[in-house]
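The numbers here are math on the coordinates, done by the rules we state, and not lab data. Nothing here was measured: the structure is a model prediction, and the numbers come from that model. Because the Cβ atoms are built from the backbone with ideal geometry, glycine has one as well, and the counts that use them run over all protein chains shown.
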Amino acid sequence: MKPVAVLGTGTMGAGIAQCAAQAGYSVLFWNRRSESVEKGLELVRKGLERLVKREKLTREELDATMERILGVSALEDLKSASLIVEAVPEDVDLKHELFGRLASICGEGVVFASNTSSLSITQLAARCGRPDRFVGLHFFNPVPAMKLVEVVSGVATSDATVAAATEFAEKLGKVAVRVRDFPGFVVNRVLMPMINEAANTLMQGVADAQAIDECMKLGCNHPMGPLALADLVGLDVVFAILDTLYREFGSPHYKPSPLIVKNLEAGWLGKKTGRGFYTY
Ligand code: CAA
C-alpha cells in the first residue's frame with residue numbers, strides 16, 4: 001500500500017495521522033519545521049497513550065502505530081504518497097503554494113485533499129492545476145473521537161477522486177458524507193451560528209458562560225455547551241468560518257460576535273492558549 005501524507009502537525013493533522021496509522025496506513029507526517037514535526041509526533045503519541053490508559057490499545061500496538069508514522073520536513077519526501085491530506089493553518093496563499101509545489105513533485109495519480117473548514121475547495125482546486133484530483137476531507141475535532149468526515153466535492157472534482165477519498169475515510173472507521181462545496185459545507189454552516197448566538201447571549205448578560213452551556217447540554221442533549229465547544233475548536237477557527245459565511249452569503253446573520261472579536265484581540269483563542277470563554 002502506498003503511503004498517505006498529512007500536511008500540518010497541529011491538533012487536526014495529528015488526529016488524522018493517528019487515525020490513518022491506526023488503520024494500518026504508512027503515514028508521511030509533514031511540517032516545514034522539524035521542531036513542529038517533533039511536537040506533532042508527541043501529540044499523536046499522547047492520543048495513543050489515552051487509548052492505552054483506557055485499555056483500548058496495548059503498548060505494543062502503540063509502538064507499532066508510531067512506527068508507521070514518518071515525520072518529514074521536505075515536500076520532496078511526499079513524492080510516493082497516493083493521497084495527501086492538508087491540515088495547515090487557514091491561509092489561502094500558504095495552501096496554494098504547497099499544492100502548487102506538490103503538483104510538480106507528485107505523480108499523476110495522487111489525490112489532493114484539504115481539511116479546510118473555511119476556504120473554497122473549488123478555488124483551491126483551480127489553483128493547484130489538478131482540479132479533478134482535488135477534494136475536501138473535512139474532519140472534526142477531536143479527530144479520533146468524531147465519526148463524521150464531510151467529503152466535499154468542488155465543481156471539478158471527479159467521481160473517482162470522491163470515491164478514493166471516501167474509501168480512505170471509511171478505512172479510518174469514519175462515516176463519510178458527501179457534500180457540495182458551499183461556504184461552511186453542512187456542519188459548520190449550522191453549528192457556527194449557534195456558537196455565535198451563544199457568544200452574543202453571553203455578551204448581553206442573559207446568563208454566564210457556565211449557565212449558557214448547561215442550558216444547551218441539558219436542554220438539547222448536546223455533549224458539551226457551545227462556548228466550551230468554541231474553546232475546543234479555537235476562537236480563531238470559529239472566527240474564520242463565521243467571517244467566510246458572513247462575506248460569502250452577505251447576511252448579518254453570520255456577523256462574528258463582537259465578544260469573539262475581543263477575545264481574538266486579547267489572544268484568548270480557547271483551550272490551546274489557556275484562555276477563551278473559560279480559563280484552563
Ligand atoms: N482525543 C481523542 N479522543 C478523545 C478526546 C480527545 N481529545 N476526547 C475524548 N475522546 C474520546 C474518548 O477516548 C472516548 O472514546 P471511547 O468512548 O472510545 O472510550 C470518547 O471520546 C468519549 O470521551 P470522554 O468520555 O472522555 O469524554 P466525553 O464523553 O466528555 O466526550 C467529547 C468528549 C468527545 C469531546 C464530547 O464532549 C463531544 O463529542 N463534544 C463535541 C465535539 C464536537 O462537536 N466537535 C466538532 C467541532 S466542529 C469541528 O471540529 C469542525 C470545524 O471545522 C471547526
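Given the criteria buried (at least 16 other Cβ atoms within 10 Å of the Cβ) and under 28 Å from D181 (Cβ atoms), does A228 qualify? Considered against the rule, which asks whether it is buried (at least 16 other Cβ atoms within 10 Å of the Cβ) and under 28 Å from D181 (Cβ atoms), A228 comes out as no. Inside the range 165-208, residues that are surrounded by fewer than 18 Cβ atoms within 10 Å (Cβ to Cβ), polar (S, T, N, Q) and either under 19 Å from M146 (Cβ atoms) or out of contact with any helix residue (DSSP H, G or I) (no Cβ under 8 Å at 6 or more places or on another chain) (or both) make up a count of 1. Might you let me know whether the range 41-63 holds any residue that is within 30 Å of R130 (Cβ to Cβ) and among the small types (G, A, S)? Scanning the range 41-63 turns up no residue that is within 30 Å of R130 (Cβ to Cβ) and among the small types (G, A, S).
Within the range 112-163, take every residue that is of a type in the set (S, T, N, Q) and within 16 Å of the ligand (Cβ to nearest atom) and give me the one that is surrounded by the fewest Cβ atoms within 10 Å (Cβ to Cβ).
Looking at residues that are of a type in the set (S, T, N, Q) and within 16 Å of the ligand (Cβ to nearest atom), I get N141.
The set of residues in the range 241-255 that are of a type outside the set (F, W, Y), surrounded by fewer than 21 Cβ atoms within 10 Å (Cβ to Cβ) and touching a residue at least 12 places away in the same chain (Cβ under 8 Å) comprises D243, E248, H253, K255.
Would you mind stating whether V37 is under 18 Å from the mean Cα position of the chain (by Cα), surrounded by 15 or more Cβ atoms within 10 Å (Cβ to Cβ) and over 21 Å from K79 (Cβ atoms)?
Working: under 18 Å from the mean Cα position of the chain (by Cα): yes; surrounded by 15 or more Cβ atoms within 10 Å (Cβ to Cβ): yes; over 21 Å from K79 (Cβ atoms): no.
No.
Each residue in the range 107-127 was checked for being among the hydrophobic types (A, V, I, L, M, F, W, C) and more than 16 Å from G8 (Cβ to Cβ), and 5 of them qualify.
Identify all residues within the range 215-249 that are part of a loop (DSSP other than H, G, I, E, B) and within 11 Å of the ligand (Cβ to nearest atom); write none if there are none. Result: H222, P223, M224, G225, G234.
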